[in-house]
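Quick notes on the structure that follows.
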Amino acid sequence: MNYTVNDYKKGQPRWCPGCGDHSFLASLQKAMAELGVPPYQTAVISGIGCSSRLPYYVNTYAMQTIHGRAAAIATGVKVANPELTVWQVSGDGDGLAIGGNHFIHAMRRNVDINIILLNNRIYGLTKGQYSPTSPRGFVSKSSPYGTVEDPFRPAELCFGARGHFFARAVATDGTGTVNILKAAAQHKGATVCEILQNCVIFNNGAHEPIYTREGRERNAIYVEHGKPLVFGEQKQYGLVQEGFGLKVVEIGKDGYTLDDILVHDAHCQDNTLQLKLAMMDNEHGFPVALGVIRDVEAPTYDEAIYAQIEEVKATKPYHCFEELLETNDIWEVK
């Protein structure tokens, strides 16, 4: 059966006008339609926050859980019913603050769930407190003189927890978002898609340099496995390795040619260069990397659990609770 976007729509979204959640929801519904997984084989799980209202607006199995526990519930859903495609939707506060422990262990275990991290660098639902991804010095209601903390960088956290899939997109870039969501769904194991978005009320402009198409042409690089790492309005710039780091060069100048430009390898087990790509930012003269940055195969938690169950069952003389009781001494009381 062919599905359309309308098959995955439900309700009337209640986010602020201009919120990136609107754009992301449309991209998720389009990705679901293109993947063709039936709504009754799809589950969307969230925690608490603006982004976590999303399950109300998809015509799938859905559940809004408690603050920070979306990954735990999503894990249970996938292990209990491995046939489901499970999407977890969390904000940077829900996913990385109170939910940080669940996030890293979902990565470490490699549970086959798709984690969407909607990163606007602010707590929006509770009206404008700084979050784990807010930059040092950020002024908010809970840091009126500027936060003195350094932020989490989601890619670094994912890679450090032995994550095997990491991708990034901008909420206003529908094509880019749909592409990484489809790649995540097709990957076996835990995936993280970081979606950069603005909170138009409390942190508008958080990702301003790359929030428009023109901005992305100047300040972002779309990475694609097997393709040279080039960017710019005329694809005139590229990335080369310099020592243990990366360097931006202009192709055709200072002796650099296209042959000198690094080629992206998303499937490399060693994540050294993938992490360097993921950590680039405009503040240090680099483009922001968008697309699938890491995509490596590894055994999944849920498959390993079921394989272990079958292995243990094969070695036991009993296969159900009644047979288990009959393996021991039995007394009949009359």
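The values are calculated or read from the model by the stated rules, or taken from the named source; none is laboratory data. Owing to the predicted nature of the structure, the values given are computational and were not obtained by experimental measurement. Backbone-built Cβ (ideal geometry, glycine too); neighbour counts: all protein chains shown. In case anyone asks, the SASA skips ligands and DNA or RNA and just uses the protein heavy atoms, side chains included. Shrake-Rupley method; radii C 1.70, N 1.55, O 1.52, S 1.80 Å.
For this structure, a couple of remarks:
- For the range 76-113, filtered to residues that are among the small types (Gly, Ala, Ser) and under 13 Å from Ile48 (Cα atoms), the residue that is surrounded by the fewest Cβ atoms within 10 Å (Cβ to Cβ) is Ala97.
- Checking each residue in the range 61-70 for being open to solvent by 30 Å² or more (accessible area, probe 1.4 Å) and hydrophobic (A, V, I, L, M, F, W, C) picks out Ala62, Met63, Ile66.
- Odd one out for Val5 among (1) surrounded by 17 or more Cβ atoms within 10 Å (Cβ to Cβ); (2) closer than 22 Å to Val170 by Cβ; (3) out of contact with any Gly (no Cβ under 9 Å at 6 or more places or on another chain); (4) not acidic (Asp, Glu): (1)
- Exactly one residue among Ile116, Ile73 is crowded, with 20+ Cβ neighbours inside 10 Å and closer than 19 Å to Cys19 by Cβ, and that residue is Ile116.
- Asp329 vs. criteria acidic (Asp, Glu) and part of a loop (DSSP other than H, G, I, E, B): yes
- Those residues of the range 243-257 which are touching a strand residue (DSSP E or B) at 6+ places or on another chain (Cβ under 9 Å) and within 19 Å of Ala289 (Cβ to Cβ), in sequence order: Leu246, Lys247, Val248, Val249, Glu250, Ile251
- Restricting attention to the range 171-195, the residues that are more than 12 Å from the chain's Cα centre (by Cα) and of a type in the set (A, V, I, L, M, F, W, C) add up to 2.
- Matching residues in the range 43-75 - criterion: being without any contact (Cβ under 8 Å) to a residue 24 or more places away in the chain and touching a strand residue (DSSP E or B) at 6+ places or on another chain (Cβ under 9 Å): Tyr61, Ala62, Met63, Gln64, Thr65
- Looking across the range 300-334, just one residue is closer than 30 Å to Gly189 by Cα, free of Cβ contacts under 8 Å to residues at least 40 places away in the same chain and among the hydroxyl-bearing types (Ser, Thr, Tyr), and that is Thr315.
- The condition of being aliphatic (A, V, I, L, M), surrounded by fewer than 17 Cβ atoms within 10 Å (Cβ to Cβ) and either at pLDDT 95 or above or within 29 Å of Gly36 (Cα to Cα) (or both) holds for only one of Ala220, Ala289, Ala190, Ala298, that being Ala298.
- Qualifying residue in the range 174-185 (condition: modelled with pLDDT of 95 or more, in a loop (DSSP other than H, G, I, E, B) and either open to solvent by less than 50 Å² (accessible area, probe 1.4 Å) or in contact with a Phe, Trp or Tyr (Cβ under 8 Å, 6 or more places away or on another chain) (or both)): no
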